[in-house]
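In what follows, a single structure is set out as structure tokens and then discussed.
The values are calculated or read from the model by the stated rules, or taken from the named source; none is laboratory data. Everything quoted here is computed from the prediction, not taken from an experiment. Cβ placement follows ideal geometry from the backbone for every residue including glycine, while neighbour counts extend to all protein chains displayed. For accessibility, only protein heavy atoms count, side chains too; no ligands or nucleic acids. Shrake-Rupley method; radii C 1.70, N 1.55, O 1.52, S 1.80 Å.
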Amino acid sequence: MAGAGISTPSGIPDFRSPGSGLYSNLEQYNIPYPEAIFELGYFFVNPKPFFTLAKELYPGNYRPNSAHYFLRLLHDKGLLLRLYTQNIDGLERVAGIPPDRLVEAHGTFATATCTVCQRNFPGEDFRGDVMGDRIPRCPVCTGVVKPDIVFFGEQLPQRFLLHLTDFPMADLLFVIGTSLEVEPFASLAGAVRSSVPRVLINRELVGPFAWQQRHNDVAQLGDVVGGVEKLVELLGWSEEMQTLTQKEKEKLDAKDK
């Protein structure tokens, strides 16, 4: 399970943090409160603030860090049953984790849906609009096209239901960089069998790690990337991790040219 804490080291700004560039960009819209960006009622009246955020987070602006590549390494070694992420930045995909190994619980920019005729589109189709500060429109009915990000009150993606079979099967659960405050995602931490160790890599104790500890819970507190790198070292994977990170960085460099 992963949250925003794995993406902040990549420079992804938190739209709720006063002082962040993104927060100031959004201030010009006089949003009643920051969360309104993710409310459908507000979106239909004024989609501009959401697309300002989308422009910032659209895949291609940021790069994965060691935390993402650690998860990719787990996949390469055949150890990753599934990665449940709360993040909408798509950095798990950029790090090379295949979509079938992912549950993007709060949605993704990789696909988009017309809010009127419900047609589905690849998110890439509207990149030009978003980057050019234009509201994406459906080529068929001209309705506003919304990336498949989960707004407040919307259903989580169908794939989220995979947790019903994934969590009982797991033999180890990593919880990395999340406050475990947003439901129903947060409750997943309690869905593994009681014999299964849970490893928290996070700034502080959260959720059941704080108030319902199990005897086999492990917590590595402090900087998330530092915590992940320490684990990689203990596993004896440092060299592989370095090679993978370097190889992926070169791929992204070539793409950017």
Task: Rounded percent of accessible protein surface that carbon and sulfur make up, the chain, 1.4 Å probe - done: 53 percent
Task: Solvent exposure, largest accessible area first (probe 1.4 Å, DNA, RNA and ligands not counted), of ILE201, ILE88 - done: ILE88, ILE201
Open item on the list: Give me the extension gain from MET131 to VAL182: residue separation times 0.36 nm, minus the current Cα-Cα distance, reported in nm with one decimal.
Closed with: 15.4 nm
- [ ] Go through ASN202, LEU252, LEU231 and say which Cα lies farthest out towards the positive end of the charge dipole of the chain; charges sit on Cβ, +1 for Lys and Arg, -1 for Asp and Glu.
- [x] LEU252
Task: Cα-Cα over 29 Å, subset of LYS55/LYS249; LYS55/LYS77; LYS146/LYS247; LYS55/LYS247; LYS55/LYS251; LYS55/LYS230 - done: LYS55/LYS77; LYS146/LYS247; LYS55/LYS230
TODO: Using a 1.4 Å probe and ignoring any ligands, DNA or RNA, find the accessible area of ILE6 and quote it in Å² to the nearest 10.
DONE: 0 Å²
- [ ] Report the accessible area of ASP171, computed with a 1.4 Å probe over the heavy atoms of all protein chains in place, in Å² rounded to the nearest 10.
- [x] 120 Å²
- [ ] Return the calculated 222 nm mean residue ellipticity for the chain, to the nearest 500 deg cm²/dmol, obtained by summing -39500 (n - 2.57) across DSSP H runs with n ≥ 4 and dividing by the residue count.
- [x] -9500 deg cm²/dmol
Open item on the list: Give me the percent relative contact order of the chain, please, defined on Cα pairs under 8 angstrom at least 6 residues apart.
Closed with: 19 percent
TODO: Mind pulling the per residue volume of the convex hull built on the Cα atoms of the range 55-119? Å³ is fine.
DONE: 92 Å³
Task: For the chain: accessible area per residue (Å², 1.4 Å) - done: 50 Å²
Open item on the list: As an exercise, use a Förster radius of 45 Å and the Cβ-Cβ distance of ASN30 and GLN213 to find the FRET efficiency, rounded to the nearest 0.05.
Closed with: 0.55
Task: Potential lengthening between ASP171 and GLU204 on full extension [0.36 nm per residue; Cα-Cα distance subtracted] - done: 9.5 nm
Open item on the list: Could you tell me what a quarter of the Cα convex hull surface of the chain works out to, in nm² with one decimal place?
Closed with: 14.6 nm²
Task: Rounded accessible area of ARG159 (nearest 10 Å², 1.4 Å probe) - done: 100 Å²
Task: Computed E for ASN46/GLU239 - FRET, C-beta separation, R0 35 angstrom, nearest 0.05 - done: 0.10
